[in-house]
Every structure is written in C-alpha cells, then in structure tokens.
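Chemist: The structure follows.
The values are calculated or read from the model by the stated rules, or taken from the named source; none is laboratory data. Please read all numbers here as calculations on a predicted model, not as lab measurements. Every residue, glycine among them, receives a Cβ derived from its backbone with ideal geometry; neighbour counts consider all protein chains shown.
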Amino acid sequence: MKKYYFVLLVFVALSCSKTDEFEIPNTVDPISEEVAVQDFMWKAMNFWYFWQDEVPDLADDRFENTNEGREAYTSFLVSEENPADFFDGKLKFIEDRFSFYNSDYRELTNSLAGISRSNGVQFGLVRFASGQNLFGYVRYILPNSDGATKDIQRGDLFTGVDGQPLTEDNYIDLLFGDNSTYTLNMATFVNGEVTPNDREVELTKQEALAENPVFIAKTFEIGNEKIGYLMYNKFTNEYDDDLYDAFVAFESSGVNNLIVDLRYNPGGSVNTTRLLASMIYGTNTSDLFLRKRYNDKIQAQRSTSQLEVYFADRVGSRTINSLELPKVYVLTTRSSASASELLINSLEPYTDVVQIGDVTRGKNEFSTTLVDDRENSYLYNPSRVNKINPNNQWAIQPLLGRNENAEGFSDFTSGLVPDIEQKEDLSNLGTLGDQNEPLLARAIQEITGLSDKRSFTVKTPIDIMGSSQMTEPLHNKMIDDTHYNLN
C-alpha cells in the first residue's frame with residue numbers, strides 16, 4: 001500500500017490512573033523564583049520533548065544537583081529574559097518546525113478548540129512569479145462571520161491591505177496584526193495575470209468566532225452510485241457530534257462511496273481522527289489505529305497497551321454505525337497536514353485510500369499542551385486548572401513523538417503523494433460542494449467511471465506559501481489527546 005504523512009488534537013475528560021502516571025526524574029531547582037516560566041519550560045521539555053537527546057542544553061546531566069549546579073541552572077534560565085526567546089533559542093531542536101508556546105494557556109486551549117479572533121475570510125497566499133510581492137485568494141467564508149456579510153466570496157483575489165501591496169516582509173503585520181479592522185485591496189484575474197482593481201472590502205475581526213469544521217456534508221446520486229461528500233476543515237473534538245450526525249445522514253441515504261475533502265484541513269485532534277476513521281472503515285476495537293513513539297525516556301515507562309490506540313465503536317454514549325467502506329477518496333493540497341495525514345496513513349492498512357489533489361504538508365509528529373501543573377506531569381487537564389501554578393500561566397505545545405500505523409509506517413516528512421495529482425486552478429476554483437468543482441468532479445469521475453470528455457488540465461496551478469490559518473494554534477498540528485480517556 002501507499003506510504004503517507006500526518007498531525008492532530010482533542011480534549012476530553014481526563015481521569016488519570018496509576019498506570020497513566022509518569023515518573024518525573026529529579027532535576028535541580030533554581031535559586032530564584034523570577035525564572036518560574038523558564039524553569040517550567042526546561043523541566044517539561046527535558047522530560048517530554050521528542051528530540052530531548054538532540055538538544056545538549058536539555059541533557060539529564062546538564063546541571064548537577066549541587067549548589068554550584070543550582071547557580072549554573074539559574075544563570076542558564078536568566079540568560080533569556082523573555083520566555084519566548086528562551087523556548088525558541090535554547091530548547092528547540094534546530095529541525096523542529098512546529099513546537100510553539102503561548103503566554104496564556106486559556107488563549108491557547110480556546111484556539112485549539114476552534115475559537116479564534118477572525119473576520120471569517122479563509123484565504124491562501126501565493127508569491128508572484130518574480131519579486132517579493134504576494135497575492136491572496138479566497139478559499140471560503142465562515143458562516144455567521146463579518147466576511148459573510150460583505151461582498152467577498154471564494155475565488156476573489158487581493159494584492160494589498162489598507163493600500164499597501166502585500167510583500168514577504170509586511171504580510172504578517174498587515175493580515176495577522178492587532179488591527180481589528182482592515183481593508184483588502186482587491187484584484188482581478190485577467191489574461192493569466194493577477195491585476196489590481198479599484199474594489200475594496202473592509203473586514204472586521206470578531207472575538208471568539210467558532211468554526212464548525214463540518215463545512216459541507218451532502219449526498220450525490222449519480223447513476224447507480226450514492227456518493228457522500230464531506231468537506232471537513234479541522235479535527236476539532238468539540239464538534240464530534242456534528243461529525244457523527246453527518247455520517248448518520250450518509251448511512252440513511254444509502255451512501256456506498258465517500259469523498260472526504262481535507263484540502264484546507266491543517267490538523268487537530270488525534271481522537272477525532274480516530275473517530276472519523278472508525279466511521280469510514282469499521283468499529284472493530286481490536287484493529288490497531290496507531291502506535292505511539294516517544295523519546296526513550298517516555299517510551300521506557302509505557303506498556304504496549306499504553307502505546308497503542310485502536311479503532312472506536314462509540315462517540316460518547318452513541319454507537320458508531322460505520323459505513324465500512326473498502327475504498328475512500330480523499331482530496332488534499334499542501335494545506336492538508338497533521339491529523340489529515342494521520343487519517344490517510346492509519347486507514348491505509350485497512351482501506352484503499354485514493355488520494356486526489358496535491359502532495360500534503362508532511363507533518364508526522366504529535367504534540368500536546370503542557371502547563372505548570374507538576375503533580376500531573378505537566379499535562380494540561382481542563383478539570384485541574386486550579387492546580388496550575390497561579391504565578392505561571394504559560395503553556396507550551398512541544399512535539400512529543402510520532403504515530404505509526406498498523407504496518408509500522410510513520411516516515412512522511414516530505415508529505416503524502418497523491419494517486420491522482422491535480423492542483424487547484426486559480427483560474428477555475430469552482431464552487432465548493434458543487435459536483436462540477438474540479439477536484440470533486442475528478443473524484444466523482446473516478447467513482448462512476450463516467451467521462452463527459454471534460455478536461456482536468458490545470459491552467460494556473462496554485463503553489464501556496466501561506467494561508468489565513470498559519471497563525472492559528474491548530475495549523476500543522478496533531479494534538480495527542482490519548483492521555484485522556486478515549487471514547
């Protein structure tokens with residue numbers, strides 16, 4: 001079977017048992033309380049970090065448990081006054097692209113739950129063929145957002161913000177800065193060129209805008225085929241019931257083929273990925289979904305049963321009635337990452353996965369949220385927030401390991417290569433959910449075998465360099481929630 005790549009996230013009620021507790025090694029304490037954040041970061045990373053043995057400053061014997069060692073440890077912690085600089089500059093492995101932090105664990109966990117400050121316009125960013133200038137194209141608009149009330153839609157183009165052309169140097173500040181309102185300077189695609197026009201669209205970011213990741217769920221009946229189509233844009237466990245309901249509708253409609261559209265899905269919850277895989281393939285709880293690989297320190301403390309995660313038969317208290325499909329069609333782009341790749345990789349040993357689109361991102365490590373709750377091995381638990389050090393509200397989201405599928409495969413850092421390559425076409429994006437939209441149409445043709453002599457030639461392929469999701473915590477993340485009780 002084909003080899004693939006992945007990332008993910010989920011939060012459910014935690015109930016630690018003795019078998020879930022970890023033996024945290026004795027480490028030296030600093031002689032100053034002014035470095036509580038850096039102390040937490042070092043100790044959590046020393047224990048959990050996947051590349052702990054690749055970072056000399058995280059070595060177990062880096063600081064001796066003596067007065068001199070305590071002084072040396074304190075000096076090391078105060079070498080970077082800003083905890084963010086300390087994390088990035090002192091603790092991260094040079095090849096680590098994805099570990100991050102937040103000065104407020106509440107802001108981080110809200111974002112991981114799909115709640116963010118947004119105007120609802122989801123876009124991709126592309127470099128012009130020459131120079132440092134960029135342009136954006138609209139992918140979709142979130143319902144109930146400010147963008148949904150404005151004259152802007154999928155396929156619209158923009159080249160500037162507030163009258164300033166977008167460049168590699170300014171796009172972060174212009175699009176992702178603290179400004180609550182900005183104006184997009186729109187453009188038109190003319191004779192193969194992105195050309196600025198005089199149209200402007202003013203957008204305002206809303207606080208706590210929640211995105212339901214079940215963006216489209218519908219059924220097509222074409223000939224003798226009943227084809228389910230799910231556009232799923234994040235693996236967010238808060239919407240597991242919505243995902244379950246979509247599959248109940250597929251089953252009641254007699255769906256015998258399924259297209260899962262993950263082209264804009266940056267990742268999220270591992271457990272939600274497991275639930276979706278079970279809805280597609282089956283509910284045999286003896287079938288291995290994934291096997292976790294931590295650093296040597298963690299791996300030695302885990303039993304086989306604690307490292308292995310199996311397919312599910314329930315979402316909460318509701319029984320999964322799986323479609324039990326022998327084949328599934330998955331649409332991908334370079335924005336498909338982490339948990340999206342995990343879904344493909346973990347289904348491969350059991351189901352024929354036909355991947356259509358572009359090569360995926362290549363994010364095969366998982367992470368989890370760590371906070372200054374030392375009695376709980378630094379693991380964030382929503383029922384233990386009163387146990388978090390009140391003088392340290394920082395959270396870190398480091399990479400903890402890699403997930404293997406049932407065949408032992410996890411090496412997809414270069415991305416998962418599609419069976420049928422077809423990039424999105426800037427000159428012909430189509431309408432999402434319409435059976436004539438190019439990627440969806442290509443999947444339907446593969447299912448039905450019917451050809452209307454339509455050409456799927458991509459005239460203007462999109463090679464993205466960023467997107468509206470790039471500053472969100474879920475972007476390119478696979479969040480390990482399996483230290484929680486799984487459904």
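Chemist: Residue 282 fails exactly one of the following numbered conditions: (1) out of contact with any helix residue (DSSP H, G or I) (no Cβ under 9 Å at 6 or more places or on another chain); (2) assigned to a helix (DSSP H, G or I). What is the number of that condition?
Modeler: (2)
Chemist: For the condition aromatic (Phe, Trp, Tyr) and within 14 Å of residue 467 (Cα to Cα), what is the one hit in 182, 137? Let's see the steps before the verdict.
Modeler: Working: 182 fails: within 14 Å of residue 467 (Cα to Cα).
Of the residues listed, the single one that is aromatic (Phe, Trp, Tyr) and within 14 Å of residue 467 (Cα to Cα) is 137.
Conditions (1) closer than 22 Å to residue 36 by Cβ; (2) in contact with a strand residue (DSSP E or B) (Cβ under 7 Å, 6 or more places away or on another chain), marked per residue:
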site	(1), (2)
303	no, no
312	no, no
323	no, yes
366	no, yes
384	yes, no
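Chemist: Something else now. For the range 230-263: of the residues being outside any helix (DSSP H, G or I) and aromatic (Phe, Trp, Tyr), which is surrounded by the fewest Cβ atoms within 10 Å (Cβ to Cβ)?
Modeler: So, considering only residues that are outside any helix (DSSP H, G or I) and aromatic (Phe, Trp, Tyr), the one surrounded by the fewest Cβ atoms within 10 Å (Cβ to Cβ) is 232.
Chemist: Just checking, does the range 223-233 include any residue being within 25 Å of the chain's Cα centre (by Cα), among the aliphatic types (A, V, I, L, M) and assigned by TED's automatic domain parsing to the domain that holds residue 449?
Modeler: yes
Okay, residues lined up against (1) within 30 Å of residue 470 (Cβ to Cβ); (2) in contact with a Leu (Cβ under 9 Å, 6 or more places away or on another chain):
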residue: 234; (1), (2): yes, yes
residue: 246; (1), (2): yes, yes
residue: 256; (1), (2): no, yes
residue: 262; (1), (2): yes, yes
residue: 270; (1), (2): yes, yes
residue: 276; (1), (2): yes, yes
residue: 283; (1), (2): no, no
residue: 302; (1), (2): no, no
residue: 311; (1), (2): no, yes
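Chemist: Can residue 58 be described as out of contact with any Phe, Trp or Tyr (no Cβ under 6 Å at 6 or more places or on another chain), modelled with pLDDT of 95 or more and over 26 Å from residue 402 (Cα atoms)?
Modeler: no
Chemist: Quick one: would you say residue 151 is of a type in the set (Asp, Glu) and either in contact with a Lys or Arg (Cβ under 7 Å, 6 or more places away or on another chain) or closer than 15 Å to residue 184 by Cα (or both)? Before the answer, list the steps.
Modeler: Values: of a type in the set (Asp, Glu): yes; either in contact with a Lys or Arg (Cβ under 7 Å, 6 or more places away or on another chain) or closer than 15 Å to residue 184 by Cα (or both): yes.
So residue 151 fits the description; yes.
Chemist: Please list, ordered by first then second residue, the pairs with beta carbon atoms under 7 Å, 6 or more apart or interchain, first in the range 402-428 and without any contact (Cβ under 8 Å) to a residue 60 or more places away in the chain, second assigned to a strand (DSSP E or B) and of a type outside the set (A, V, I, L, M).
Modeler: What qualifies is 425/461.
Chemist: Please determine, by comparing only the residues of the range 133-156 that are among the hydrophobic types (A, V, I, L, M, F, W, C) and without any contact (Cβ under 8 Å) to a residue 60 or more places away in the chain, which one is surrounded by the fewest Cβ atoms within 10 Å (Cβ to Cβ).
Modeler: Applying the filter and picking the extreme gives 148.
Chemist: Scan the range 67-89 and give yes if some residue there is more than 26 Å from residue 271 (Cβ to Cβ), among the β-branched types (Val, Ile, Thr) and out of contact with any Pro (no Cβ under 9 Å at 6 or more places or on another chain), otherwise no. Write out each step before concluding.
Modeler: From the range 67-89, those more than 26 Å from residue 271 (Cβ to Cβ) are 67-89; that's our starting set.
Narrowing further to those that are among the β-branched types (Val, Ile, Thr): 74, 78.
Cutting the leftovers down to out of contact with any Pro (no Cβ under 9 Å at 6 or more places or on another chain) gives us none.
No, the range 67-89 has no match at all.
Chemist: Testing residue 154 on (1) in a strand (DSSP E or B); (2) in contact with a strand residue (DSSP E or B) (Cβ under 6 Å, 6 or more places away or on another chain); (3) not hydrophobic (A, V, I, L, M, F, W, C); (4) not assigned by TED's automatic domain parsing to the domain that holds residue 431, one condition comes back false. Which one is that?
Modeler: Here residue 154 clears every test but (1).
Chemist: Residue 227 passes all but one of (1) part of a strand (DSSP E or B); (2) without any contact (Cβ under 8 Å) to a residue 40 or more places away in the chain; which number fails?
Modeler: The number of the failed condition is (2).
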